Amino acid sequence: MSTKYRTIFGPIPSRRFGTSLGIDLSPGKKQCNYDCLYCELAASKPVETIENPPSVELVTKELKEALKEHPETEVITITANGEPTLYPYLEELIEEIERLKGEKKSLILSNASTIHLPQIQKALLKLDMVKLSLDCATPECFRKLDRPLKSVDLYKIFEGIRSFKRTYKGSLILEILMVPGINTTDEEIEALNTLLPTLGADRIDIGTVDRPPAYPIEPLEFKELYVIAKKFDSSLPIHIASRRKSGGAKESYTEEEIISTLAKRPLTLDEIEALFDKNSLKRFNALLKEGKIETKELGGLLFYGTGFSGQKVKNS
Ligand code: SF4
């Protein structure tokens, strides 16, 4: 990874989004309006805004140089040591990125706290992909897990996502980071299940902590995430976004089991490879060749399933 830039890092290979060059809008220190239990940055007091932000000129200059240096870049990702939508010149910067990016895609990784604000929506509408974190459907869970500033209103976030989606033409991806005992309870999953179909996301990634978190919380194994994923409404475009694929033995699936599994919940190849043993993978490939399994792109990822033509998956 290059260290010659103050605001640019990477490129980083990402299966979910492609080879990504990152823009860090808070390069000095963590500045976020949340203090999530699972944050990979140090625990810190939430703040309203990014202090001493890098100038648009600096970010643009560094981005131009980094793009020349890394023509393999597929996506330019706006992020921060904290929350990038707290950056005061966001729209101006996004306009510069859109001018510079050529064929590459643009993406922001936000915690969703500001999505109800008209000026933030106006800026984000220009991007190809918007990924918003949304860990909880109830204020109790939200306060416990994401520990936001008091001024952040979860219900405004829900409404903000809905109104943004009504005009947004790009891919809207939601991410839920699962923390055992907090948003994995039956009550919270039920509340999420009621909420998520109303938000219209193109893809919903569910994941777990990958790196040491700010507070002592336990990661979940892939299989545990898979069990949770199955509790969600099968029409939701859920994808398990986890690097923890090694836990638990892979299982054997008959042809019928493969078809019924994929009929209930479409899976990406990543997920299939994490769940199926070698012989089941062979059976899966044969079924694919025979046309008994279909593919469909959702939020930039290819899903394998059945009955897509019969509206098995929403928001595609
Ligand atoms: S929103 Fe992101 S940066 Fe902010 S505390 Fe949570 S995980 Fe950390």
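Screening Thr7 against (1) more than 13 Å from the ligand (Cβ to nearest atom); (2) of a type in the set (Ser, Thr, Tyr); (3) in contact with a helix residue (DSSP H, G or I) (Cβ under 7 Å, 6 or more places away or on another chain); (4) in contact (Cβ under 8 Å) with a residue 60 or more places away in the chain leaves a single unmet condition, (4).
Among residues belonging to the range 29-60 that are among the small types (Gly, Ala, Ser) and within 14 Å of the ligand (Cβ to nearest atom), point out the one that is surrounded by the most Cβ atoms within 10 Å (Cβ to Cβ). Per the stated criteria, the residue is Ser44. The residues on offer are Leu109, Leu41, and the sole one that is assigned to a strand (DSSP E or B) and within 23 Å of Asp210 (Cβ to Cβ) is Leu109.
From the residues in the range 5-17 that are in contact with a Gly (Cβ under 8 Å, 6 or more places away or on another chain) and either at pLDDT 95 or above or assigned to a loop (DSSP other than H, G, I, E, B) (or both), which one is nearest to Ile182 (Cα to Cα)? Ranking the qualifying residues of the range 5-17, first place goes to Arg16. On inspection, Leu172 does not qualify as within 13 Å of the ligand (Cβ to nearest atom) and in a strand (DSSP E or B). The number of residues in the range 117-146 being over 17 Å from Ala80 (Cβ atoms), buried (at least 17 other Cβ atoms within 10 Å of the Cβ) and within 16 Å of the ligand (Cβ to nearest atom) comes to 6. Of all residues in the range 68-82, those that are touching a helix residue (DSSP H, G or I) at 6+ places or on another chain (Cβ under 7 Å) and away from the ligand (no atom under 16 Å from the Cβ) total 2. Of a type in the set (Val, Ile, Thr), in a helix (DSSP H, G or I) and touching a Leu at 6+ places or on another chain (Cβ under 9 Å), is that true of Ile115? No, not satisfied.
The values are calculated or read from the model by the stated rules, or taken from the named source; none is laboratory data. Note that the structure is predicted; figures quoted are calculated from it, not measured. Glycine gets a Cβ as well: all are built from the backbone with ideal geometry, and neighbour counts include every protein chain shown.
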